[in-house]
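What follows is one structure encoded as C-alpha cells, with my remarks underneath.
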C-alpha cells in the first residue's frame, strides 16, 4: 500500500507517521514495468535538472 504525506514547512510528523516511515524502511524497493530502475545516465540527467531548477 502506498501512502503519501504532505508536510508543510515547520510541521512536525506525528508519532504514528514516524512509526509508519520506520516500518516502510524495512521493505525493499520493488521495480516493475511501470516503475523501472533508473540508469546512471537518467539519474545524472535528473540531478542536472534539479540543480538548474534550484538556481531559479
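Numbers at a glance
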| item | result |
| --- | --- |
| Under 14 Å from the residue 53 label point (7 Å along Cα→beta-carbon), backbone N, region 16-43 | 43 |
| Reciprocal of mean inverse Cα separation for the chain (Kirkwood radius, Å) | 14.7 Å |
| Tilt relative to the chain, helix 40-55 - C-alpha long axis, 0 to 90 degrees, to 10 | 80 degrees |
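No value in this document is a laboratory result; all are computed from the given coordinates. Note that the structure is predicted; figures quoted are calculated from it, not measured. Here Cβ is always computed from backbone atoms with ideal geometry, including for glycine, and neighbour counts include all displayed protein chains.
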